[in-house]
Amino acid sequence: MIERISKWIVVLVLSLVSVFPIFWIFLTSIKTDAEVVNIPPSWFFQPTFDHYYSIIFHGGGAEVAYAFELWSSFLNSIVVSLGTTALAVAIGFPAAYSISRFNTGGRPLLSWILSFRMLPPIVFLIPMFILYQLYGLMDTQIGLVLIYLTFNVPLAVFILKGFLDDMPRDYEEAGMVDGCSRIQSLWKIALPMSGPGIVAVSIIIFLFSFNEFMFAYVLTTRNAVTLTAKAAVFITEYTFLWADLAAAMILMIVPMMVATILLQGQIIKGLRTGLKA
Amino acid sequence: MRFPSLARRGSAREEARIKYALVLPTIVTLLVFTTYPLLSQFYLSFTSASIYDYNSPPPAGVSNYSYLLYDPGLFWQSGIITTIYVGLAVLLQLLLGMLMAVLIYSLKRGQKVFTSLFIFPMFVAPVFVGALGRLIFNSMIGVVPYYLRTFGLPMISLSNPIHALLLVISMEVWKWTPFAFIILYGGLESLPAEVFDAAKVDGASGPRTFLHVTLPMLKSIVAVVLIIRIMDELKAFDIPFILLEGGPGAPVGATTIFSLLIYKLAFSYNNFGAAAAVNVLLLFILLGLFWIMIQRLLK
């Protein structure tokens, strides 16, 4: 009996801890600026949606010259994430197919590709910074996409290989008996059948790219600034504009949350399959 | 009888061409974008490059390395902090994740509800987790310090190095525990139920069953989570950076893990050479870890 009650207590405490910060951010986003710095912290107050309004339509706190520029940075994030996802899958799927069906390169190749997951991105930060300055890739979307590819292609290969391994070859063999070449069987049979796997990988890569911070922060200055980088500058330069920041955060967390809830089945499947590989 | 497939698939050479062609883009992408950075870091570590002369930096021999390795307050201090950070963060994620998994597994009702609640932190981008932390633990207007004060509990001060480190670890744990939870729960689900029934028949109690039956069966999944999270925490940057930018103190503050040290050396102290040296040292450490891991796995 005591065991049952203590179990529920722990569950509730864990749930509270998991949810409270986000709930608090939501509360903060609907407070007035004065309410936010109220001591003791206020839980009940007259809500205001001014901050959402100003973030969405004006771009930031009215009295601030520097605008949060939600839309342009959001757009950058979307473009970079989509580009990375599309390219990573386009590059990774053929490789995954090759390794899964032909065991190309055997274990050495697979471990070599795996080893990239061990490399801390920080190691690439300075060389890429220098390289990008020299070749004019600084502050470009394509620049970000290229560096993101380096980290996401191995992931794509891995997870897709896992999915392909689980997919029976019979269909492709049947196709080849009917006259397909190897490439055609990849294109017309394996690819469509890997739909779920590709969706899972795409979601994972998209989320990673969208939330990426370090490279976005260092390798962009004005034009290609993504949401995360912009938020960081906003946080450090305008620490007092909590409510606006909170509103921006909620705007970004909620869609992510909805999307992840809807697609959680796929994501979990993708993660688990990738682990098997 | 015609066997069109055999006729077409005639040469093994064609198959070889195709299979290598398929992996080529991947190999090229990876090679191009990693060889240069790695080589450049190695080279730069022997120079005293800065933001002005990174193109033809003045050579500096091993001075960067001696500077880093002889001064206990730089590389070694950051190393200690990184070790504590990674160790505690991963340990907590595993323990809490396991706790969550076991709890949800043993719930009769509300599994879905509580799972969704537990997963919340995963949706927040690391940058925002940092921002969140700053707001909630702000010594003046933060919720947590306020209630700690009210209830007479010990105060959390961000200028206290230990508190700062614990805070950074806590936020990281908050964000990533759901990941461990999901994987471990999947592991729990895939365990055959008969073993638990057998244990119950033999009269084993809850905790004993867990320790002697469940846990051993989950060993490989736990190992996987452990390795993945260690690798990820070694790369951590976003949350510590936004929270405290390296923590109270400089140049190596209380929360300056390796990645932050490299960033600081390069962009705050304008010392690309020293930053590169730390990178090289870090790579050696990781290689060592990787090698140990491979040895273990091959047994």
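The values are calculated or read from the model by the stated rules, or taken from the named source; none is laboratory data. From a predicted model like this one, the values you see are computed outputs, not experimental measurements. Note that we place each Cβ from the backbone using ideal geometry, even for glycine, and neighbour counts take in every protein chain shown.
Looking at the stretch A:97-111, can you tell me whether even one residue there is within 9 Å of chain B (Cβ to nearest Cβ) and touching an Asp or Glu at 6+ places or on another chain (Cβ under 8 Å)? Yes, that holds for at least one residue. Look at (1) more than 14 Å from chain A (Cβ to nearest Cβ); (2) at pLDDT 85 or above; (3) out of contact with any Leu (no Cβ under 7 Å at 6 or more places or on another chain) and you find that B:G61 fails only one, number (2). With the structure loaded, tell me whether B:K235 is at the interface with chain A (Cβ under 9 Å from one of its Cβ atoms) and at pLDDT 85 or above or whether it fails that test. Yes.
Only one entry of A:A200, A:A224, A:A216 meets the criterion of being in the same structural domain as A:T104 (by TED's automatic domain parsing), outside any helix (DSSP H, G or I) and under 23 Å from A:A86 (Cβ atoms), and that entry is A:A224.
Name every residue in the stretch A:203-213 that is part of a helix (DSSP H, G or I) and within 19 Å of B:L132 (Cβ to Cβ), in order of residue number. If the condition is that a residue be part of a helix (DSSP H, G or I) and within 19 Å of B:L132 (Cβ to Cβ), then A:L207, A:F210, A:N211 are the ones that fit. Within the stretch B:123-151, the set of residues being part of a loop (DSSP other than H, G, I, E, B) and closer than 25 Å to A:T226 by Cα comprises B:V124, B:A125. If you filter the stretch B:51-62 down to residues that are in contact with a helix residue (DSSP H, G or I) (Cβ under 8 Å, 6 or more places away or on another chain) and surrounded by 12 or more Cβ atoms within 10 Å (Cβ to Cβ), you find that the one that is nearest to B:N271 (Cα to Cα) is B:I51. Does the stretch B:232-253 include one or more residues that are under 26 Å from B:A49 (Cβ atoms), of a type in the set (K, R) and over 16 Å from the mean Cα position of the chain (by Cα)? No - not one qualifying residue is present in the stretch B:232-253.
Could you look through the stretch B:238-277, keep only residues that are away from chain A (no Cβ under 12 Å), crowded, with 22+ Cβ neighbours inside 10 Å and of a type in the set (S, T, Y), and pick out the one that is nearest to B:V62 (Cα to Cα)? Only one residue fits best here, namely B:T256.
Which of the residues spanning the stretch A:226-245 are of a type in the set (V, I, T), surrounded by 23 or more Cβ atoms within 10 Å (Cβ to Cβ) and more than 7 Å from every other protein chain (Cβ to nearest Cβ)? Result: A:T226, single match.
With the structure loaded, tell me whether A:Q133 is more than 21 Å from the chain's Cα centre (by Cα), at pLDDT 85 or above and surrounded by fewer than 21 Cβ atoms within 10 Å (Cβ to Cβ) or whether it fails that test. Lay out the reasoning, then the answer.
Values: more than 21 Å from the chain's Cα centre (by Cα): yes; at pLDDT 85 or above: yes; surrounded by fewer than 21 Cβ atoms within 10 Å (Cβ to Cβ): yes.
So A:Q133 passes the test.
For the stretch A:143-155, state whether one or more residues are in the same structural domain as A:M193 (by TED's automatic domain parsing), of a type outside the set (A, V, I, L, M), at pLDDT below 85 and over 26 Å from B:Y54 (Cβ atoms).
Taking the stretch A:143-155 as the starting set, the residues that turn out to be in the same structural domain as A:M193 (by TED's automatic domain parsing) are A:143-155.
If we keep only those that are of a type outside the set (A, V, I, L, M) as well, we get A:143, A:148, A:150-152, A:154.
From what is left, the residues that are at pLDDT below 85 are none.
No, the conditions are met nowhere in the stretch A:143-155.
Out of all the residues in the stretch B:121-138, which are within 15 Å of A:L14 (Cβ to Cβ) and either among the small types (G, A, S) or at pLDDT below 85 (or both)? Step through it out loud before you land on a result.
So in the stretch B:121-138, the residues within 15 Å of A:L14 (Cβ to Cβ) come out as B:121-122.
Passing the criteria: only B:M122.
When restricted to residues that are farther than 16 Å from A:F26 by Cβ, of a type in the set (A, V, I, L, M, F, W, C) and within 10 Å of another protein chain (Cβ to nearest Cβ), the stretch B:138-162 contains 3.
Identify the residue in the stretch B:163-190 that is at the interface with chain A (Cβ under 10 Å from one of its Cβ atoms) and more than 16 Å from the chain's Cα centre (by Cα) and, among all such residues, is farthest from B:V143 (Cα to Cα). Checking each candidate, the answer is B:S190. For A:V89, the criteria (1) within 9 Å of chain B (Cβ to nearest Cβ); (2) in contact with a helix residue (DSSP H, G or I) (Cβ under 7 Å, 6 or more places away or on another chain); (3) under 17 Å from A:S209 (Cβ atoms) hold in every case but one, which is (1).
Within the stretch A:28-48, identify whether any single residue is loosely packed, with under 11 Cβ neighbours inside 10 Å, of a type outside the set (D, E, K, R) and closer than 15 Å to B:F118 by Cβ, and answer yes or no. Checking the stretch A:28-48: not a single residue is loosely packed, with under 11 Cβ neighbours inside 10 Å, of a type outside the set (D, E, K, R) and closer than 15 Å to B:F118 by Cβ. Meeting the requirement of 2 or more residues that are over 22 Å from B:P126 (Cβ atoms), in the same structural domain as B:S157 (by TED's automatic domain parsing) and free of Cβ contacts under 8 Å to residues at least 60 places away in the same chain, the helices (runs of 4 or more DSSP H) wholly within the stretch B:194-299 are B:206-209, B:219-234.
Matching residues to (1) closer than 28 Å to A:A232 by Cα; (2) at the interface with chain A (Cβ under 9 Å from one of its Cβ atoms); (3) in contact with a Leu (Cβ under 7 Å, 6 or more places away or on another chain); (4) buried (at least 24 other Cβ atoms within 10 Å of the Cβ):
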{"position": "B:D197", "(1), (2), (3), (4)": "no, no, no, no"}
{"position": "B:V213", "(1), (2), (3), (4)": "no, no, no, no"}
{"position": "B:K219", "(1), (2), (3), (4)": "no, no, no, no"}
{"position": "B:A223", "(1), (2), (3), (4)": "no, no, no, no"}
{"position": "B:L226", "(1), (2), (3), (4)": "no, no, yes, no"}
{"position": "B:N279", "(1), (2), (3), (4)": "yes, yes, no, yes"}
{"position": "B:I285", "(1), (2), (3), (4)": "no, no, no, no"}
{"position": "B:G288", "(1), (2), (3), (4)": "no, no, no, no"}
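Within the stretch A:207-219, identify whether any single residue is touching a helix residue (DSSP H, G or I) at 6+ places or on another chain (Cβ under 6 Å), away from every other protein chain (no Cβ under 13 Å) and touching a residue at least 60 places away in the same chain (Cβ under 8 Å), and answer yes or no. No, every residue in the stretch A:207-219 fails to be touching a helix residue (DSSP H, G or I) at 6+ places or on another chain (Cβ under 6 Å), away from every other protein chain (no Cβ under 13 Å) and touching a residue at least 60 places away in the same chain (Cβ under 8 Å).
Entry remark, the stretch A:152-177: residues being touching a residue at least 24 places away in the same chain (Cβ under 8 Å), in a helix (DSSP H, G or I) and more than 9 Å from chain B (Cβ to nearest Cβ) number 12 in total. Contact map, the stretch A:250-262: residues that are more than 7 Å from chain B (Cβ to nearest Cβ) paired with residues that are among the polar types (S, T, N, Q) and part of a helix (DSSP H, G or I), Cβ distance under 6 Å, separation 6+ or inter-chain. Pairs shown: A:I250/A:S29. Residue by residue through the stretch A:36-52, note down the ones that are under 33 Å from the mean Cα position of the chain (by Cα), more than 9 Å from every other protein chain (Cβ to nearest Cβ) and either closer than 19 Å to B:T150 by Cβ or of a type in the set (D, E) (or both). Matches in the stretch A:36-52: A:W43, A:D50.
Residue-wise test of (1) closer than 30 Å to B:A101 by Cα; (2) modelled with pLDDT of 90 or more.
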| position | (1), (2) |
| --- | --- |
| A:V19 | yes, yes |
| A:L27 | yes, no |
| A:E35 | no, no |
| A:F45 | no, no |
| A:F49 | no, no |
| A:F57 | no, no |
| A:G61 | no, no |
| A:A65 | no, no |
| A:L75 | no, no |
